[in-house]
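Below is one structure, written out as structure tokens; comments come after it.
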Amino acid sequence: MERRNSSAKSPAKRRGAGKAPKRAKKTDIATTALGAEPEKRSRKKDAPSRGEAAQRDLNVHVKTAKKRDYASTIWLKRQLNDPYVRKAKAEGWRSRAAFKLLEMDEKHRLLKPGAKIADLGCAPGGWLQVAVKAVGKTGKVAGIDYLHVPPVPGADILEMDFLDEGAPEKLKELLGGPADVVLSDMAAPTTGHRSTDHLRIVALAEAALDYAEDVLAPGGAFVCKVFAGGAEGDILTRLKQNFESVKHVKPKASRSGSAEKYVVATGFRGRA
Ligand SMILES: C[S@@+](CC[C@H](N)C(=O)[O-])C[C@H]1O[C@@H](n2cnc3c(N)ncnc32)[C@H](O)[C@@H]1O
């Protein structure tokens, strides 16, 4: 279906016909990474829903260049046609992942002014930007990734494998006190071998939870990427024991075809 014609009435317009227009809700971090209001707020405040995105006019074709293999061509096509990638670029966020954290924060009120936040697996820096903006000058944001992250003003970044001995301690030092929020978006490259990939995901989530239990202040929050069935087994038991609320979330910006989910645990009960 061709949706490029702007004169056609959108579903939103048809639904809202005759009603007073609703005002867009303001959030704490309701501006772009660049500090400006996003273009054309109102209806376009958020990126389109998955259904809308699928129907949008984004249909960039990519030719298979000689040096580009098939998988890379598919990846590039997906990037070029992804409305969140475009929106992130337009608003100055380092990654489309920024919208996932913005959405989780809007719903669960995680990032507060003056808070101390640790970001595990922070490259290329989208979540760091969101966190810095939310905590303001009185807060503290420290991130870690084994990939290089170009500086994000207001954040301290450690270029290290979080699983290396000593890395959690170094990150703790950078924070300079108990954390209010520990975020983990860590994801290892997949091998294609199911059980190996699953073990790696669980190992990263376990390491992130160990760290959260060590550094969080009572009342703190933990957000962690998990896959497939979500947090399971020991991890889920520990989360339920140590946090007042444990929820699984699939943000709109998380690709519908991916098994990715996040666990949002709030109200840390303190170290046992
Ligand atoms: C999905 S990306 C994070 C995106 C980031 N939240 C953002 O908004 O830009 C996952 C990151 O986890 C990092 N990662 C995976 N395993 C890690 C480890 N053991 N130590 C540090 N970083 C790790 C990867 O290098 C990758 O940059």
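The figures follow:
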{"item": "Which numbered condition residue 206 misses (of (1) free of Cβ contacts under 8 Å to residues at least 40 places away in the same chain; (2) surrounded by fewer than 22 Cβ atoms within 10 Å (Cβ to Cβ); (3) away from the ligand (no atom under 16 Å from the Cβ))", "result": "(3)"}
{"item": "Matching residues, segment 178-200, being among the β-branched types (Val, Ile, Thr) and under 24 Å from residue 130 (Cα atoms)", "result": "181, 182"}
{"item": "Residue in segment 236-247 that is surrounded by 15 or more Cβ atoms within 10 Å (Cβ to Cβ), out of contact with any His (no Cβ under 7 Å at 6 or more places or on another chain) and at pLDDT below 85 present", "result": "no"}
{"item": "Any hit, segment 256-269, residues being within 16 Å of the ligand (Cβ to nearest atom) and touching a Cys at 6+ places or on another chain (Cβ under 8 Å)", "result": "yes"}
{"item": "Residue within segment 181-201 that is in contact (Cβ under 8 Å) with a residue 60 or more places away in the chain, more than 21 Å from the chain's Cα centre (by Cα) and over 12 Å from residue 121 (Cβ atoms) present", "result": "no"}
{"item": "Counted residues, segment 88-121 - those being closer than 18 Å to residue 220 by Cβ and not charged (D, E, K, R)", "result": "11"}
{"item": "Hits in segment 161-196 (condition: buried (at least 17 other Cβ atoms within 10 Å of the Cβ) and closer than 14 Å to residue 227 by Cβ)", "result": "184, 185, 186"}
{"item": "Scope segment 178-198; condition at pLDDT below 95, away from the ligand (no atom under 14 Å from the Cβ) and in a loop (DSSP other than H, G, I, E, B); matching residues", "result": "192, 193"}
{"item": "Residue list for segment 127-139, restricted to those being buried (at least 22 other Cβ atoms within 10 Å of the Cβ) and free of Cβ contacts under 8 Å to residues at least 40 places away in the same chain", "result": "128, 132, 135"}
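Residues checked against (1) near the ligand (Cβ under 8 Å from one of its atoms); (2) surrounded by 23 or more Cβ atoms within 10 Å (Cβ to Cβ):
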{"position": "87", "(1), (2)": "no, no"}
{"position": "109", "(1), (2)": "no, no"}
{"position": "115", "(1), (2)": "no, no"}
{"position": "120", "(1), (2)": "yes, yes"}
{"position": "141", "(1), (2)": "no, yes"}
{"position": "150", "(1), (2)": "no, no"}
{"position": "159", "(1), (2)": "no, no"}
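The values are calculated or read from the model by the stated rules, or taken from the named source; none is laboratory data. These numbers come from a predicted model, not from an experiment. Cβ sites come from the backbone with ideal geometry, for glycine too, and all protein chains shown count toward neighbours.
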